[in-house]
Amino acid sequence: MEEPILTEQKPAYVGLPLRITFAGSDHELRLLQKEVDRRAYSLRIRLDDELHTLVNPGDGWRFETGAGNAAFAQAIWHAVSLRYRL
């Protein structure tokens, strides 16, 4: 089990909601990890109250489980990178 992120340790952006519209439907996501940068190869998120991990094996972002749309995963990363200027 991973250590919980304590309030005094987390950066300001962790846990803030981010809204994204993809294919005509609205979604809400929250970052669940402390460190996010341009060279990240994984990203833990809560998407519409479900936990997901996005991974980037070098050729674009995908859902770790393989379930889900790769274009949606790429759109999520794009929204996160624009919001936090990565």
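Miscellaneous remarks
- Some residue of the range 25-41 being loosely packed, with under 10 Cβ neighbours inside 10 Å, modelled with pLDDT of 85 or more and either over 11 Å from the mean Cα position of the chain (by Cα) or assigned to a loop (DSSP other than H, G, I, E, B) (or both): yes
- Of the criteria (1) part of a strand (DSSP E or B); (2) modelled with pLDDT of 90 or more, which one residue 18 fails: (2)
- For the range 62-79, the count of residues that are out of contact with any Phe, Trp or Tyr (no Cβ under 6 Å at 6 or more places or on another chain) and assigned to a strand (DSSP E or B) is nonzero.
The values are calculated or read from the model by the stated rules, or taken from the named source; none is laboratory data. Every value quoted in this text rests on a predicted model; they were computed, and no experiment measured them. In this analysis, Cβ positions are derived from the backbone assuming ideal geometry, glycine residues included, and neighbour counts consider all displayed protein chains.
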